[in-house]
Amino acid sequence: MSAQPKDLRAASARRYLRGNLPAVYSDHGGDEQPPVMDMLEELERVLDPIVILLDNLAGHLEPATAPAEMIDLLLEMTGTPLDRTLPPPARRGLAGEAARIARARGTKAGLQLALERAFPDLESEVLDNGKATWAHRTVAQASAPEPGPPAERPAQSTEQVAFQVRLAQAPTDAQLAQLTRCIADHLPLGATYELTVAGG
């Protein structure tokens, strides 16, 4: 922490332990406080950083107010793909929308939201060919032969799911690498994409 130990006063300032002692222990009857109070005051000073952390735990878990070192942990906790090369504001934006991105992962809306939060200055637009579908069956189940004569089997589309990501301005080399990773992380399984720049 950046604050010095003398500035971290939570338990000792509020007399966490000393304030709850029965009078028989806290009242010495003289000008000096009893030895047990001295001991508890030192213990409160040891507990000050822990109490401050607990007092501010909600702020540490809120993406808008969390310290920079907590953002990556929040992304990992929510299962959002983490690219440590992204600048901190972009990672904070992804952490703020992590729940929505997770719910829409593998869809056009999820890809659009992830790009908007990770690359707000590129003004991206995601288009698709309308072939993305979902099913209860796993990939292994879908590839297994279906029972019945061939005439009774439903026709399967051979057209591949394709997305187009349009950018309002050309990305830098570093952004292009980050953009490629972000799209790959949020693209539906088996889909392809094309990256285009307006006017390019």
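Note on segment 92-104: residues that are out of contact with any Ser or Thr (no Cβ under 9 Å at 6 or more places or on another chain) and touching a residue at least 24 places away in the same chain (Cβ under 8 Å) amount to 3.
For segment 79-109, a residue qualifies if it is surrounded by 15 or more Cβ atoms within 10 Å (Cβ to Cβ), within 21 Å of D173 (Cβ to Cβ) and of a type in the set (K, R), and exactly one does: R91. Where helices (runs of 4 or more DSSP H) fall wholly inside segment 1-115, the ranges with 3 or more residues that are modelled with pLDDT of 85 or more are 35-55, 57-61, 68-77, 88-96, 98-103. Considering only segment 129-140, I want to know if a residue exists there that is surrounded by 10 or more Cβ atoms within 10 Å (Cβ to Cβ), touching a helix residue (DSSP H, G or I) at 6+ places or on another chain (Cβ under 9 Å) and at pLDDT 90 or above. For segment 129-140, residues surrounded by 10 or more Cβ atoms within 10 Å (Cβ to Cβ), touching a helix residue (DSSP H, G or I) at 6+ places or on another chain (Cβ under 9 Å) and at pLDDT 90 or above: absent.
Here P49 meets the list (1) over 21 Å from A184 (Cα atoms); (2) under 12 Å from the mean Cα position of the chain (by Cα); (3) surrounded by fewer than 17 Cβ atoms within 10 Å (Cβ to Cβ) almost entirely, failing just condition (2).
The values are calculated or read from the model by the stated rules, or taken from the named source; none is laboratory data. Source: prediction; values computed, not measured. Every residue, glycine among them, receives a Cβ derived from its backbone with ideal geometry; neighbour counts consider all protein chains shown.
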